């Protein structure tokens, strides 16, 4: 009886209506996921500064837009703020010898205060009615022109960033970063300054995270000092979902690296779609972070358990 | 002919001031002329690999000086010294980036000692050059330019690492027991390739080995190390006539003790 009442209370249309919003969010967080991919997969550096630099990007973008700055320019500066955050983590690690995870946590904690200082309080709104925002939740539920605007903007950002990253990691400097992440000893033996490469990759990564934060703050109409909490987990989830679902498919393709980056963005979209289904199922929203952690744990465990099974001959 | 390598009285102590203190290099002196190919033998902990690492700048030495091709490199960091050196390591995993393709690995090596900018990491012309180079290995790798190095066997990786070390002619080639992790047949093949690359490019080289026969059969000079010092130096005609039993007798005479390492006696 209870079950019946539960199912009859679910509205399929509501789920359908939630989808566009989830896709837009997935695209915006996809930029963060690209940043996480650079550090976690290419550099082999678990960078936790992301939680801080995401909010920094949001805070910088919102505060600048509130001074009537062009939102596109504000996004560029949000990217720059993220780059600076990455620089700090990189220097803590390479110049002061602080282990990667700790270096990231220190930056993240420091950014909490910095973000409060940027905003002057714990959150700041930026109204879509007052400013010509690049993206907004309002556009998603608005008329067709608004819908087209928000989705083309999001997709444009993702495609441009994938192209830029595909180009960059195909250059001499990009190769050097990949070698640094894969085998630092080999990299140094080939004359690569591994410290410089690490710092550069962290700057690029956090720049993308800052950009993602700047877009997301506009999307939800406010920057909040806590908006980045758990961002690293969502980023990791996207990277891993993309890899587990599309990894094999991408390998065989001509531009495998570009496809892998697109897979990461798809991972992010899927994450938000699943999230919207779970919310639609009336899963308590307080438990969403718990759910995120479980999803990431499961997807991280899959490759490990698969290998283990192979190693023991299927037993 | 000039001096390619000059090591002046270098010392290195690991874990100084602790109960694990170990004098790894205790005043090593060595000069290599251009074109010399020296094999380095000695028991475990004699300082063979440590000497190579000191030359490569893996860590700074405590005292002494190192010159490569006349330049004082003592204070240079590892990546800055790389332009002088080609290096192949004991572990086949160490010399290559496994998640990158064969051609990408070679392209990285071709840019050793040059500044890396935003031009393409590999060009079409390079690809053809690498294909030709790989052909000379006779391992069928010329058709696998875009294969990930992680898919290759240990012997194939060492062969590629050797090519990488010689793409840009180094002032000095450092081979650190680079066949120790391979099966005998593969080890022989890799040694053959090493000889070929060294003679064709007229390289100056140092090869550390545990295998006395290899040390005698390869190169034109042999040094033996013991407790962080060079204790024996044999070159020219004298080296050509050398046998394993000579070497053991020499070792006992110089060091005043029996050669303890079983590994050095094997094969």
- line: Conditions (1) farther than 24 Å from residue A:234 by Cβ; (2) modelled with pLDDT of 95 or more -> residue A:81 fails only (1)
- prompt: What are the residues in the range B:204-230 that are under 22 Å from residue B:29 (Cβ atoms) and either in a loop (DSSP other than H, G, I, E, B) or without any contact (Cβ under 8 Å) to a residue 40 or more places away in the chain (or both), if any?
  reply: B:204, B:209, B:219, B:220, B:227, B:228
- prompt: If you take the residues in the range B:244-267 that are outside any helix (DSSP H, G or I) and over 20 Å from residue B:177 (Cα atoms), which one is modelled with the highest pLDDT?
  reply: B:256
Failed criterion for residue A:164 (all others in (1) surrounded by fewer than 20 Cβ atoms within 10 Å (Cβ to Cβ); (2) part of a helix (DSSP H, G or I); (3) free of Cβ contacts under 8 Å to residues at least 12 places away in the same chain; (4) away from every other protein chain (no Cβ under 14 Å) hold): (4)
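Among the residues of the range B:153-161, are any within 11 Å of another protein chain (Cβ to nearest Cβ) and at pLDDT 95 or above? Write out each step before concluding.
Within the range B:153-161, the subset within 11 Å of another protein chain (Cβ to nearest Cβ) is B:157, B:161.
Those still in the list that are at pLDDT 95 or above too: B:157, B:161.
Yes: the range B:153-161 contains one or more residues that are within 11 Å of another protein chain (Cβ to nearest Cβ) and at pLDDT 95 or above.
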task: Can you confirm whether the range B:168-189 contains a residue that is assigned to a helix (DSSP H, G or I) and within 14 Å of the chain's Cα centre (by Cα)?
output: no
message: Given the options A:96, A:111, A:75, name the one that is assigned to a helix (DSSP H, G or I), over 20 Å from residue A:135 (Cα atoms) and modelled with pLDDT of 95 or more.
response: A:111
query: Tally time: how many residues in the range A:182-217 are more than 7 Å from chain B (Cβ to nearest Cβ) and crowded, with 24+ Cβ neighbours inside 10 Å?
result: 19
message: On the basis of being crowded, with 21+ Cβ neighbours inside 10 Å and within 14 Å of another protein chain (Cβ to nearest Cβ), does residue A:177 make the cut?
response: yes
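Working only within the range A:115-135, note down all residues that are part of a helix (DSSP H, G or I) and touching a residue at least 60 places away in the same chain (Cβ under 8 Å). Quick ask: steps written out before the conclusion?
Pass one, the range A:115-135, residues part of a helix (DSSP H, G or I): A:115-119.
Once the filter is applied, which keeps residues that are part of a helix (DSSP H, G or I) and touching a residue at least 60 places away in the same chain (Cβ under 8 Å), the range A:115-135 yields A:115, A:116, A:118, A:119.
Name the residue, out of A:38, A:65, A:23, that is in contact with a helix residue (DSSP H, G or I) (Cβ under 6 Å, 6 or more places away or on another chain), in contact (Cβ under 8 Å) with a residue 12 or more places away in the chain, more than 16 Å from residue A:265 (Cα to Cα) and part of a helix (DSSP H, G or I).
Values: A:38 fails: more than 16 Å from residue A:265 (Cα to Cα); A:23 fails: more than 16 Å from residue A:265 (Cα to Cα).
Within the list A:38, A:65, A:23, the selection yields A:65.
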- request: Inspect the range B:123-137 for any residue being part of a loop (DSSP other than H, G, I, E, B), modelled with pLDDT under 95 and in contact with a helix residue (DSSP H, G or I) (Cβ under 9 Å, 6 or more places away or on another chain) and give the result as yes or no.
  value: yes
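Take residue B:107 and tell me if it is modelled with pLDDT of 95 or more and either more than 11 Å from chain A (Cβ to nearest Cβ) or under 21 Å from the mean Cα position of the chain (by Cα) (or both).
When the stated conditions are applied, residue B:107 passes them.
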message: Against the conditions (1) crowded, with 18+ Cβ neighbours inside 10 Å; (2) more than 14 Å from chain A (Cβ to nearest Cβ); (3) not in a helix (DSSP H, G or I), where does residue B:116 fall short? Just the number, please.
response: (2)
message: Go through (1) at the interface with chain A (Cβ under 8 Å from one of its Cβ atoms); (2) touching a helix residue (DSSP H, G or I) at 6+ places or on another chain (Cβ under 8 Å); (3) at pLDDT 95 or above for residue B:80 and report which single condition fails.
response: (2)
- prompt: Looking at the range A:85-113, which of its residues are in contact (Cβ under 8 Å) with a residue 60 or more places away in the chain and either crowded, with 20+ Cβ neighbours inside 10 Å or on the phi > 0 side of the Ramachandran plot (or both)?
  reply: A:85, A:86, A:89, A:90, A:93, A:108, A:111
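The values are calculated or read from the model by the stated rules, or taken from the named source; none is laboratory data. Remember, it's a predicted structure, so these values are computed and weren't measured experimentally. Here the Cβ is made from the backbone with ideal geometry for all residues, glycine too, and neighbour counts use every protein chain on show.
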